[in-house]
């Protein structure tokens, strides 16, 4: 009966020592993998923070000139009311000039500039322009709300519905050609959270939902509700669904089913980490060809949740 051994620097290792060495090697490999994962998440988090700061700065710079334009439009509307009132007075006086050279010139000029059409079209143009500026202001405000840089990553009481609406406005271009959005909001209290990070989770799930839809009747349903001291929010789509063999790996870093160059595999992994940081849960239910539903569960009060999780002394 032979005994397995290994020579290393003149030392002979018996099977027990070899097994211990092998276990130590495996533990080091696992620790190295976890360290690499943490480093990648940290790098991605820093990138997102930088993007958020840039977005907030750009939004702030855009907001100033938009404010001037919006204010000037209000003034211009008042001026037009006065001008139309004066124009009505001139039109009343025009009948008294009928048959005179001045009356003829006024009639010709009225036809040349299409005065009746202008009187109808100018208010319409003003209303459409004001609506457009209002939409730009809303997008800029949503961009600032989405980034939440001013809060300096502080835990605050936030309205999740408002965060969802801001995020929907930001990713509207990704969704509007793919699916209609159905909202089934419940009555939610404000939730203690890092608002910008929760908005990031919303964005990742919404974009994933839109990418999964490859049908003409695409639909993304957003619903929410409260259960005791927790709130939940669901994002469901009627897209292609996730294969069962992939379902248990979707939160792994760098795992993606998208073609090369179309996905980093970090979106769901980062989302999972953010929800765990909030002492919540992110659950998924999916059927191939039917669709996917993600459910986010968050405690309303982080401090109370901390107290409940403390072991009894």
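Nothing in this text is a laboratory measurement; each read-out follows from the coordinates by a stated rule. This one's a predicted model, so the numbers in the text were calculated from it and none came from an experiment. A quick note on method: Cβ atoms are made from the backbone with ideal geometry, for glycine too, and the neighbour counts reach across all protein chains shown.
Here 126, 86 are placed in order of increasing Cβ neighbour count within 10 Å, fewest first, which gives 86, 126. If you wrap region 151-246 in the convex hull of its Cα atoms and look at it from every side, the mean projected area works out to 7.2 nm². From largest to smallest, the equivalent ellipsoid semi-axes obtained for region 187-241 from the alpha-carbon gyration tensor read 25, 14, 7 Å. Taking the alpha-carbon centroid of each part, what is the distance from region 204-221 to region 226-250 in angstrom? Spelled out, the Cα-based centre of one part sits 13 Å from the other.
Kirkwood's formula applied to the C-alpha pairs of region 155-308 gives a hydrodynamic radius of 15.9 angstrom.
Each semi-axis of the equivalent ellipsoid for region 94-222 is √(5λ) with λ an eigenvalue of the Cα gyration tensor; in descending order they amount to 52, 20, 12 Å. Sorted fewest first by neighbouring Cβ atoms within 10 angstrom, 102, 167 come out as 102, 167.
Shown for 202, 84: other C-beta atoms within 10 Å of each C-beta, ranked fewest to most, produce the order 84, 202.
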